[in-house]
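What follows is a short report on a single structure.
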Amino acid sequence: MPQAWLTGRPTATDTILFVTDVPDRFDKRSAAEFARATPTRVLAALALGLQWLVTRLPWAVQRGAGALAGRVAARVATRRSAIVDDNLATAFPDWSQSRRAALRARHFRERGIGIAQVGMAWWAGDRRLARLVDIEGLEHLPAGPDAPATLLVSGHFTTLDLCARAISLYAPVDLVHRALGEPAADAVTRWRRGRFAARLVDKRQPRAIVASMRERRTVWIAIDQADTTSGAVEAPFFGRPALTNTTASRLAGRHGACVLPVCCVRTSDGRFRVRIEPPLERFGQDVAADAGRLNAIVEQHARATPEQYFWIHRRFKRERSSAA
């Protein structure tokens, strides 16, 4: 990949780690997944080809097509619409129903555009992407031989993949990846994310993340989704208790990692603004307190552009004992 023109540094695909090696091509395992021609895999292959074709179009056209797809999804994805309604009612209880419905419509529109943004992150060339991105805070990234391990922490927003790709234009970034349930879709996601990630590390394999910490690498991780088996704790989010991932706090405490919040938003003119914020001080000393701090940061980002936050996932999950 021609990334050195931006930084003069080695490209971000020198090494890829995902339990086993994942090359920057459609490997035999990935091809085998598509060789089993189930309807789901055929649709995944068609969608992948369509996504590649769409990225050949001007970005303004892609945004329009994505917005249309989002409006259609709002009508047919009834289960996801119900989850969005539940989340918005919990996060914004003082809002009128009509105001929350308007936000739901904007959210699905942004989700549709988000599909196009994933296509740009996966397929667009470096120069084309760089022309669309304004990035702030690169000076906060530790540099030099004595630099500590670095954690770039973010919430789940519609710009998720594009955020990681944009930062990788300027510094090698290891990307924490959660395996998808559909093997064919997961193979494609690993293949394309592996194109710009310095390493892909499986979220379910703590040793892989620890290896990056010990090598004092920069790791990007989304920290606002958790389950009851991941050592998560409940912390306030929009004034309500929500199960919160504690991985960043535990890694910072054990490995002295520098923790930098990251936010990426799509602006009204279709450009992207990536902001790397200053390092969090005294982070990693108290897991519960750190969870609250990160939730407050993600909430601040979500309130600034609520339509771009991932409301389609159940964010206000509770521990089983608390929910009972």
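The values are calculated or read from the model by the stated rules, or taken from the named source; none is laboratory data. What you see is a predicted model; the values in this text were computed from it and never measured. Every residue, glycine as well, gets a Cβ built from its backbone with ideal geometry; the counts of neighbours run over all protein chains shown.
May I ask you to verify whether residue 140 is closer than 20 Å to residue 315 by Cα, surrounded by 16 or more Cβ atoms within 10 Å (Cβ to Cβ), touching a strand residue (DSSP E or B) at 6+ places or on another chain (Cβ under 8 Å) and of a type outside the set (Ser, Thr, Tyr)? Steps first, please.
Numbers: closer than 20 Å to residue 315 by Cα: no; surrounded by 16 or more Cβ atoms within 10 Å (Cβ to Cβ): yes; touching a strand residue (DSSP E or B) at 6+ places or on another chain (Cβ under 8 Å): yes; of a type outside the set (Ser, Thr, Tyr): yes.
No; evaluated as a whole, the condition is false for this residue.
Just wondering, is there one or more residues in region 105-117 that are surrounded by fewer than 22 Cβ atoms within 10 Å (Cβ to Cβ), more than 19 Å from the chain's Cα centre (by Cα) and over 19 Å from residue 52 (Cα atoms)? For region 105-117, residues surrounded by fewer than 22 Cβ atoms within 10 Å (Cβ to Cβ), more than 19 Å from the chain's Cα centre (by Cα) and over 19 Å from residue 52 (Cα atoms): present. Among what's in region 307-324 and is of a type in the set (S, T, N, Q) and surrounded by fewer than 14 Cβ atoms within 10 Å (Cβ to Cβ), pick the residue that is modelled with the highest pLDDT. Across region 307-324, the extreme among qualifying residues is 322.
Of the residues 211, 235, the single one that is buried (at least 21 other Cβ atoms within 10 Å of the Cβ) and touching a strand residue (DSSP E or B) at 6+ places or on another chain (Cβ under 8 Å) is 235. Which residues, counting only those in region 108-159, are in a loop (DSSP other than H, G, I, E, B) and over 22 Å from residue 256 (Cα atoms)? Result: 124, 125, 131, 132, 156, 158, 159.
Would it be correct to say that residue 164 is among the aliphatic types (A, V, I, L, M), under 25 Å from residue 67 (Cα atoms), under 20 Å from the mean Cα position of the chain (by Cα) and buried (at least 23 other Cβ atoms within 10 Å of the Cβ)?
Numbers: among the aliphatic types (A, V, I, L, M): yes; under 25 Å from residue 67 (Cα atoms): yes; under 20 Å from the mean Cα position of the chain (by Cα): yes; buried (at least 23 other Cβ atoms within 10 Å of the Cβ): yes.
Considered against the rule, which asks whether it is among the aliphatic types (A, V, I, L, M), under 25 Å from residue 67 (Cα atoms), under 20 Å from the mean Cα position of the chain (by Cα) and buried (at least 23 other Cβ atoms within 10 Å of the Cβ), residue 164 comes out as yes.
Just one of the numbered conditions (1) surrounded by 20 or more Cβ atoms within 10 Å (Cβ to Cβ); (2) within 26 Å of residue 281 (Cα to Cα); (3) in contact with a His (Cβ under 7 Å, 6 or more places away or on another chain) is not true of residue 221: (3).
In region 71-83, the residues that are within 12 Å of residue 312 (Cα to Cα) form Cβ pairs under 6 Å with partners that are assigned to a loop (DSSP other than H, G, I, E, B) and modelled with pLDDT of 90 or more, at six or more places apart or across chains, as follows: 80/312; 83/312.
Answer yes if at least one residue in region 273-280 is in contact with an Asp or Glu (Cβ under 6 Å, 6 or more places away or on another chain) and within 22 Å of residue 166 (Cα to Cα), and no otherwise.
yes
Which is on the phi < 0 side of the Ramachandran plot, surrounded by fewer than 18 Cβ atoms within 10 Å (Cβ to Cβ) and modelled with pLDDT under 90, of 267, 189, 229? If you could, list the steps in order and put the result at the bottom.
Values: 267 fails: modelled with pLDDT under 90; 189 fails: surrounded by fewer than 18 Cβ atoms within 10 Å (Cβ to Cβ).
Being on the phi < 0 side of the Ramachandran plot, surrounded by fewer than 18 Cβ atoms within 10 Å (Cβ to Cβ) and modelled with pLDDT under 90 holds for just one of 267, 189, 229, which is 229.
A single member of 105, 73, 69 is over 25 Å from residue 173 (Cα atoms), at pLDDT 95 or above, in a helix (DSSP H, G or I) and of a type in the set (A, V, I, L, M), and it is 105.
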